[in-house]
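Trainee: Take this structure, written in structure tokens, and hold onto it; I'll ask about it next.
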Amino acid sequence: MEKSHSASTFATQLFTKLDHLFSSSTSQATLHTSGFTQQQKDLLNKTISQIPEGIQMTFNEVYAGWQKYIDETPSILFSSSSRTRGQGPDFERLVEMGKTNKDQILPLLVRKLMDPSNFFAHTIYEAITGEYIDSPLPQYVAQTYAFNWLQTHLKL
């Protein structure tokens, strides 16, 4: 019985530390997110409003399929590396869509990257653009890609 109690205590301590780490990472990502101005958001929304609705719907459906694939694949879902999310048929389709139609797909992807809960989308951005930021905080990577793209492409 004592081993069980020790394992339970260890698990509780581990989850407490993970929760603290996640909360800290989320706070840093949120701080970076606050760097988006209303002008940036408005210009991105204007750009997206000019993208045909069919392309937007297809992107959102394929993106949702990619997220579902991650959620249903334990080896990916529980991996400590955010870059393991860069796989699956819908991931490949998103990358292909982005490489053949960057002007319409990247704004949609950047909108996803601006939301801290979509930070794994940085793997799609990297596969499309070839850019890469080495950081242990994928939330920071995602937000940085979004910020840099907005600065470069929306002529702010």
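Here, each number is a calculation from the coordinates, and none is a lab measurement. Not measured: the values here are computed from a predicted model. For neighbour counting, all protein chains shown are included, and Cβ atoms are generated from backbone atoms with ideal geometry for every residue, glycine included.
Trainee: At a Förster distance of 25 Å, what's the computed FRET efficiency of Glu72 paired with Lys46, Cβ-Cβ distance as r, to 0.05?
Mentor: For R0 = 25 Å, the calculated efficiency reads 0.10.
Trainee: So which aspartates and glutamates can Lys102 reach, going by Cα to Cα under 19 Å and dropping same-chain residues fewer than 8 places off?
Mentor: Lys102 reaches Glu53, Glu61, Asp90, Glu92, Glu126, Glu131.
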